[in-house]
1. For V276, enumerate residues with amide H under 5 Å from its amide H, sequence gap 5+ or separate chain, H modeled in the peptide plane.
2. Quick one: how many Å² of V104 are accessible to a 1.4 Å probe, rounded to 10?
3. Using a 10 Å cut-off on Cβ atoms, rank the peptides 27-38, 196-207 from the highest mean neighbour count down.
4. So how do D15, D258, D96 rank on accessible area, 1.4 Å probe, biggest first, that is with the largest at the start?
5. Mind grabbing the base-10 log of I(q)/I(0) for segment 46-104 at q = 0.17, 0.25, 0.30, 0.31 Å⁻¹? Debye formula, identical points on the C-alpha positions, no solvent, two decimal places.
6. According to the Cα gyration tensor, what semi-axes, each the square root of 5 times an eigenvalue, does the equivalent ellipsoid of segment 174-284 have, listed from largest to smallest in whole Å?
7. Which whole-Hz couplings ³J(HN,Hα) result when phi for each residue of segment 38-47 is put into the Karplus expression 6.51 cos²θ - 1.76 cosθ + 1.60, θ = phi - 60°, listed in order with x for Gly and Pro?
8. How are the C-alpha pair distances of the chain spread across 10 Å bins, as whole percents from the shortest bin up?
Amino acid sequence: MACPLAWLGLVLGHDLIGPVWVVPAALLVTLHSSLHHELLHGHPTASRRLNEALGFPALGLFVPYRRFRALHIAHHRDERLTDPYDDPESWYLSADAWQRTGPVTRALLRLNATLAGRVTVGPALALAGFWRSELRLVRADAPGVRRAWCVHALALVPVLCALGVAGVPVLFYAAVVACPAMSVLMVRTFVEHRAAPAVAERTCVVEAGALASLLFLNNNLHAVHHREPWRCWFELPARWRATRAQVLAENGANHVADGYAGVARRWLLRGREPVVHPFPHSPR
């Protein structure tokens, strides 16, 4: 509850704080998204309903918690990691999808393969793809999807009420708080996975500083999280220290030792991975 309450204090006190309020607000929304990740993995309780209630309200606006949960659990089928057909969090395109893509979209996707592109155009690309897929599922009456969006609408009510009371326009909040929060999350997800023949080599570890580790709730130690997804966020650093040599041997030294500054130095303006998945895949 501390995260939404701090967010509420910033929103209601934004006139006293001044324009800079949007910076801590965006960081709190980033942290809230990281908390959602913990909740869907069964922390801090074993009750799915209670954990969902703890994630209320929808500070980030754009993605229903229940849909995030369903897609992220599917993402944790490690044998399908990065597959453009089977991994719902994959940034790769299949060769067939690439052939159907126009020149403007191809340019945006190439830009999105760099860190600079990921934090600028990445949120728009991700949301456009997500909403397009969700609309198809809603039209097809896929199980649970309509209900997830209805619950999300309820989770938006306290956010919209708070913004209304504070006199903060919703579009302004979306543009300067919710979208930048997504961009911060994109810094983490940019380097998490890569296409590799060996499953263990597909997931990275970034040894980040204190602020990034807190914002991401140690999910920067991503290979450790995928090896032991049942562990709470505060257990991951100790597990990393205890299994460091084994993790690096398994994941082919898929590792950034100098934090997200090191990620930026390597890939700010250079593509980290190709847009098209480098291995053959078939629709399933």
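1. L93
2. Around 110 Å² of this residue is reachable by solvent.
3. The packing order, highest mean first, is 27-38, 196-207.
4. Ranked from most to least accessible, the order is D15, D96, D258.
5. The calculated log intensity ratios at q = 0.17, 0.25, 0.30, 0.31 Å⁻¹ are -0.74, -1.00, -1.13, -1.16.
6. Those come to 21, 21, 14 Å.
7. 5, 4, 5, 8, x, 10, x, 10, 8, 8
8. Taking all Cα pairs of the chain, the binned fractions are 6, 27, 36, 24, 6, 0 percent.
The values are calculated or read from the model by the stated rules, or taken from the named source; none is laboratory data. Bear in mind the structure is a predicted one, so any value in this text is a computation, not a measurement. Counting neighbours? That spans all protein chains shown, and the Cβs are built from the backbone with ideal geometry, glycine included. Just the protein is used for accessible areas: all its heavy atoms, side chains included, with ligands, DNA and RNA removed. Shrake-Rupley method; radii C 1.70, N 1.55, O 1.52, S 1.80 Å.
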